[in-house]
1. Of the conditions (1) surrounded by 14 or more Cβ atoms within 10 Å (Cβ to Cβ); (2) at pLDDT below 95; (3) in a helix (DSSP H, G or I), residue 58 satisfies every one except a single condition; which number is it?
2. Are any residues in the range 65-96 buried (at least 18 other Cβ atoms within 10 Å of the Cβ), in contact with a helix residue (DSSP H, G or I) (Cβ under 7 Å, 6 or more places away or on another chain) and closer than 14 Å to residue 42 by Cα, and if so, which ones?
3. Please determine, by comparing only the residues of the range 61-84 that are modelled with pLDDT under 95 and not in a strand (DSSP E or B), which one is farthest from residue 107 (Cα to Cα).
4. Run down 12, 43, 8, 110 and say which single residue is modelled with pLDDT under 95, in a helix (DSSP H, G or I) and in contact with a strand residue (DSSP E or B) (Cβ under 7 Å, 6 or more places away or on another chain).
């Protein structure tokens, strides 16, 4: 009986150690510090404010803005503004953060259905 208790204890310690060691790999915090530095750098590069990007996006797609995010795509700083239309359709409007020009509009549902290979892009200008 004593041997079983020791084996169970060793097993529990081993599992606990593995969970603690791999916990950060599963964490949402992974790479956040790095991302925060990148966002600060992108914000310095952006000539267009978030308010201007939202205004431009809502002129292109009618609806409620649910998210606006500064991103780097293809070595270009862009605003990605997510809008839910009256019909429930979710669209992403990509705006050049340097010029304020609309790059494209994506139907987010089509993007999810077809995978993230760039399919489902609905280029509009």
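1. (2)
2. Once the filter is applied, which keeps residues that are buried (at least 18 other Cβ atoms within 10 Å of the Cβ), in contact with a helix residue (DSSP H, G or I) (Cβ under 7 Å, 6 or more places away or on another chain) and closer than 14 Å to residue 42 by Cα, the range 65-96 yields 70, 77, 79, 95.
3. 75
4. Step by step, each of 12, 43, 8, 110 is checked, and only 43 is modelled with pLDDT under 95, in a helix (DSSP H, G or I) and in contact with a strand residue (DSSP E or B) (Cβ under 7 Å, 6 or more places away or on another chain).
The values are calculated or read from the model by the stated rules, or taken from the named source; none is laboratory data. Computed from a predicted model, the values in this text were never measured in an experiment. Please note: Cβ atoms are built from the backbone with ideal geometry, for glycine as well, and neighbour counts cover all protein chains shown.
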